[in-house]
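The values are calculated or read from the model by the stated rules, or taken from the named source; none is laboratory data. A quick note: this is a predicted structure, and the numbers were derived from the prediction, not measured. Note that we place each Cβ from the backbone using ideal geometry, even for glycine, and neighbour counts take in every protein chain shown. Note: areas computed on protein heavy atoms with side chains; ligands, DNA, RNA excluded. Shrake-Rupley method; radii C 1.70, N 1.55, O 1.52, S 1.80 Å.
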Amino acid sequence: MALIVSVPVFPTTLVRLRLTQLRRAYPGWWVVLLAIAIIAIPIVVEKLVVSDSNMRYYLSGAFLLAVVGWHQRRPDLRFVRKHIAQPNGSLMLEYLLLALPVMIGFGMANAWVEVGAVLFGMIALVFMPVMDPVGTHMRWLRSRIPALLFEMKAGLQRTYPFAFVIWVLALAFCWLPALPLFLTWVLTMIMASQFEECESRAMLLVTASDARSILNKKIAGSLKIMLLIMAPVLIAATIARPEWWWIHGLFGLGQLSVIALAVILKYKEYIPNERLTANGATIAIGAVFALLPGLFLLPLLMALTDRRKALENLDLYFHATDH
Amino acid sequence: MLQITDLTRSYGEKEVLSIPSFGFVTGEVHGIVGLNGSGKTTFLNALYGFGRSKNARVIYENMPMDHTNTAFLEAENYFYPGITGHEYLALFQGKDTTTTIDGVNELLEVPLDELISTYSTGMRKKLALLGILKLDRPVLLLDEPMNGLDLAAVRVLEAIVRKLVEHERTVFITSHVLGPLIAICKQIHLLQDGMFLRTFEQREMDQLEAALFADLDKRTEETIGRVM
């Protein structure tokens, strides 16, 4: 076999892959989604920073934290490093394009330090060692979670130590106006993302006797755990700012709505042993609304609307003998 | 020659790989066998350049061996959601061997125009194999390549590996399925607790199974006798 190696000058492999995935996931209107993101994100960032100068720190920190967290846990990282030409370049370009609308927004608001910080972060990120936690973590906490809620058990294991650090930070900074809420929102997103993987049908059938039973148990159990995670932060934040009690309350309801939505969406689309990555976009939309107190009604409405479909889908696996 | 020096790997306190010095003849097929936890995948990762100890040296034909001159077929393969087989293969930018890959696929029969999400386990494994063949590196590491393959596909894989060796490629294969391994490997190396215990040449392959299961059979007999 001839040894002719053709390596791209510009490492666009991952970017082209993402466009392919976007086109295939949202045929017909992927361009609209992309245009909205490219236009809306800079405007939102600029308006937020201009309205409150502290937002530059929150937004840049949150964005960096989110991307670092994703890099640490992205499922294709080993694949990229092993098989894709110019892996560091490909990752860097992907992150830079992801950060571009945010950087443009900061630039529009003259927050040039934040532009630099995000830019530096996206470049340095690919050289950051990936923590590959070996061993079982948070055993005591995991043992307290019922077996039925294996998603939550897995979430604690997979997100250690980041989720724990975020929770501690939220508690430590409970006296700040928005940061603890934002960090709690990040925890919600982390936990909601654990509901992407579908168990085998055999595992589903031994977990409960029927669709309604499993859905109700999963929702109730997950909400309980989320409440236990959120409550210390929200209570501490309310003690620090008593006049914000209603904001914290509505925010908490919003986060619970997002978790309920994640559970329902999982079982609405449930296919044994599949990974439902497409649900992430829907949950993200719901989560954005849940950030703003009062607008949690949207994810709640989404959850209530899809509950029937989740039950219908689950019924197929509980009762159909030829499915 | 592929020469290894001071190749070690530890997870915390536990040393999972300890190879002070070992050599492999290049241009041949080498089987790596061992029970679960013996260090086979760790060894392949270390050959590939991942997780090597700092003072380890792996030299292939007088050049450092790493991921630039090696292709690795992992036991568990990652596939991006929402893409077809063709789009997956396009990620492997090695060389222009479209004709070769299409030719090999005549035997493997992977429906490259379909979404990977519709593939069976065997099809995904074959697709992953096509990907690393496309890279056309001098050294190939195949970790449990026969997992998920039907009998016909295993035969095709055997033929592919033999052809690779004819083209002076060096192939390392790990497998729990001894039959095909014995059929295609020039040497099979027994790995236990991260160390190479013994190398079996073709004429000694009949002793392999006994050596592999010696301790296990003894422990199994004792335990089964006690509990059942």
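What residue among B:G51, B:G23, B:G179 shows peak mean-square fluctuation when chain B is described by a Gaussian network model with Cα springs under 10 Å?
B:G179
Find the accessible area per residue for the range B:119-228; the probe is 1.4 Å, ligands and nucleic acids are left out, and the unit is Å².
Working: 5420 Å² over 110 residues.
The answer is 49 Å² per residue.
GNM, chain A, Cα, under 10 Å: largest mean-square fluctuation among A:H137, A:H83, A:H71?
Taking springs between Cα atoms under 10 Å, the residue moving most is A:H83.
Based on DSSP H runs of at least 4 residues, each adding -39500 (n - 2.57), what is the mean residue ellipticity at 222 nm of chain A after dividing by all its residues, to the nearest 500 deg cm²/dmol? Before the final figure, lay out the partial values.
Details: 15 runs with 234 residues, N = 323.
Value at 222 nm, helices only, nearest 500: -24000 deg cm²/dmol.
So if the hydrodynamic radius of chain B is defined as the Kirkwood radius over C-alpha pairs, what does Stokes-Einstein give as its diffusion coefficient at 25 °C and 0.890 mPa s, in µm² per second?
Values: Rh = 18.6 Å.
So the translational diffusion coefficient is about 132 µm²/s.
For the residue pair B:V25 and B:D6, what label-to-label distance in nm results when each label sits 7 Å from Cα along the Cα-to-beta-carbon direction?
2.9 nm
Bin all alpha-carbon pair distances of the range A:41-94 at 5 Å intervals from 0 and give each bin's fraction as a whole percent.
Pairs per bin, as whole percents: 4, 17, 18, 17, 12, 12, 10, 6, 2, 0.
Can you list the HN-Hα couplings for the range A:299-308, worked out from phi with the Karplus curve (6.51, -1.76, 1.60; θ = phi - 60°), rounded to whole Hz and with x for Gly and Pro?
Once θ is set to phi - 60°, the couplings for the range A:299-308 become x, 5, 4, 4, 5, 5, 5, 8, 4, 4 Hz.
For a quick check: with amide H placed at 1.01 Å from N, whose amide H comes under 5 Å from B:L73's, ignoring anything fewer than 5 positions away on the same chain?
B:L141, B:L142, B:D143
Using a 1.4 angstrom probe and counting only protein chains, how large is the accessible area of B:S117 in Å², to 10?
Approximately 70 Å² of B:S117 is accessible to the 1.4 Å probe.
Roughly speaking, what is the centre-to-centre gap between the range B:48-72 and the range A:147-163 when only Cα atoms are used, to the nearest Å?
35 Å
Can you list residues whose amide H is under 5 Å from B:L17's amide H, if they're 5+ apart or on another chain and H is modeled 1.01 Å from N?
B:R9
For the range A:59-122 and the range B:73-138, what is the centre-to-centre distance using only Cα atoms, to the nearest Å?
A separation of 29 Å, based on Cα centres.
If N is the number of residues in the range B:1-123, what value comes out of its Cα radius of gyration divided by 2.2 N^0.38 Å?
1.29
Top mean-square fluctuation among B:T100, B:T84, B:T26, Gaussian network model of chain B, C-alpha springs under 10 Å?
Checking each option, the largest mean-square fluctuation is seen for B:T100.
Find the Cα radius of gyration of the range B:97-198, compare it with 2.2 N^0.38 Å by division, and give the number to two decimals. Let's see the in-between values first.
Numbers: Rg = 14.3 Å, N = 102, 2.2 N^0.38 = 12.8 Å.
So the Cα radius of gyration is 1.12 times the expected 2.2 N^0.38 Å.
Quick check: convex hull of the Cα atoms in the protein assembly as shown, volume per residue, rounded to a whole Å³?
On the way: hull volume 105.5 nm³, N = 551.
Per-residue hull volume (Cα only) is 192 Å³.
Please state, to two decimals, what the Cα-based radius of gyration of the range B:7-47 comes to when divided by 2.2 N^0.38 Å (N = residues). Don't jump to the answer; show the numbers that get you there.
Working: Rg = 11.3 Å, N = 41, 2.2 N^0.38 = 9.0 Å.
It is 1.25.
Based only on Cα atoms, what mean projected area does the convex hull of the range B:59-119 have, in nm²? It would help to have the intermediate numbers written out before the result.
On the way: hull surface 22.2 nm².
Quarter of the Cα hull surface area: 5.5 nm².
Once phi is turned into ³J(HN,Hα) by the Karplus curve 6.51 cos²θ - 1.76 cosθ + 1.60 with θ = phi - 60°, what whole-Hz value does each residue of the range A:70-85 show in order, with x for glycine and proline?
Karplus values, whole Hz, x for Gly and Pro: 5, 4, 5, 10, 5, x, 9, 4, 5, 4, 4, 5, 8, 10, 9, 5.
Beyond 24 Å, how much of the Cα-Cα pair distribution for the range A:1-152 remains, as a whole percent?
Numbers: 5802 of 11476 pairs.
Cα-Cα pairs of the range A:1-152 separated by over 24 Å account for 51 percent.
State the dimensionless ratio Rg/Rh of chain A (Rg: radius of gyration of Cα atoms; Rh: Kirkwood radius). Can you show the working numbers first?
Working: Rg = 21.0 Å, Rh = 21.5 Å.
My calculation puts Rg/Rh at 0.98.
Would you compute, from DSSP H runs of 4+ residues alone, the mean residue ellipticity of chain B at 222 nm, taking -39500 (n - 2.57) per run and dividing by the full residue count, rounded to the nearest 500? Walk me through the intermediate numbers first.
Working: 7 runs with 83 residues, N = 228.
One gets -11500 deg cm²/dmol as the mean residue ellipticity at 222 nm.
What's the local net charge at A:V115, with K and R +1, D and E -1, over the other residues with C-beta under 14 Å away? Please list the in-between numbers first.
Numbers: positive: A:R56; negative: A:E46, A:E114.
Cβ neighbours under 14 Å give a net charge of -1.
For B:R198, which sequence-distant residues (separation of 5 or more, or a different chain) have an amide H within less than 5 Å of its own amide H, given hydrogens modelled in the peptide plane?
B:L190
Among the GluC sites (Glu not before Pro) in the range B:20-78, which ones are in a DSSP loop with at most 13 other Cβ atoms within 10 Å of the Cβ? Mind listing them? Could you put the intermediate results ahead of the total?
Values: sites: B:E28, B:E61, B:E74, B:E76; in loops: B:E28, B:E61, B:E74, B:E76.
Counting only loop positions with at most 13 other Cβ atoms within 10 Å, the GluC sites (Glu not before Pro) in the range B:20-78 are B:E76.
With a 1.4 Å probe on protein heavy atoms only, work out how much accessible surface B and A bury together, total over both chains, in Å² to the nearest 100. Intermediate values should be presented prior to the final figure.
On the way: alone 12230 and 17370 Å², together 27060 Å².
Looking at B and A, the buried total is near 2500 Å².
What do you get for GluC sites (Glu not before Pro) in the range B:155-200 restricted to DSSP loop and a cutoff of at most 12 other Cβ within 10 Å of the site's Cβ? Spell out each step's value before the answer.
Details: sites: B:E158, B:E166, B:E168; in loops: B:E168.
The qualifying sites are B:E168.
What residues in the range B:64-84 lose 50 Å² or more of accessible surface when the other protein chains are added to their chain alone (1.4 Å probe)?
B:E74, B:Y78, B:Y80, B:P81
Rounded to a whole number, what % of the accessible area of chain B do carbon and sulfur atoms account for, probe 1.4 Å? Walk me through the numbers on the way to the answer.
Working: 5610 of 10970 Å².
For chain B, the apolar C and S fraction of the accessible surface comes to 51 percent.
What are the ³J(HN,Hα) values, in whole Hz, obtained from phi via the Karplus relation 6.51 cos²θ - 1.76 cosθ + 1.60 with θ = phi - 60°, for each residue of the range A:53-60 in sequence order, with x given for Gly and Pro?
Each residue's phi maps through the Karplus curve to give 5, 5, 4, 4, 6, 4, 5, 5 Hz.
Size of the range A:183-271 along its principal axes in angstrom, Cα-based, largest extent first?
49, 21, 16
When the accessible area of the range A:125-224 is split by element with a 1.4 Å probe, what percent falls to carbon and sulfur? Please list the in-between numbers first.
On the way: 3420 of 4840 Å².
Here it works out to 71 percent.
Convex hull volume of the Cα atoms in the range B:29-86, per residue, in Å³? Present the calculation step by step, with values, prior to reporting the outcome.
Numbers: hull volume 8.7 nm³, N = 58.
Here the figure is 151 Å³ per residue.
Given a cut-off of under 8 Å on Cα pairs at least six residues apart, what relative contact order in percent is computed for chain B?
Details: 384 pairs, mean separation 61.7, N = 228.
Contact order relative to length: 27 percent.
Counting only chymotrypsin sites (Phe, Trp or Tyr not before Pro) that sit in a DSSP loop (anything but H, G, I, E, B) with at most 12 other Cβ atoms within 10 Å, what is the longest stretch of chain A containing none of them?
Here the longest segment lacking exposed loop sites spans A:176-323.
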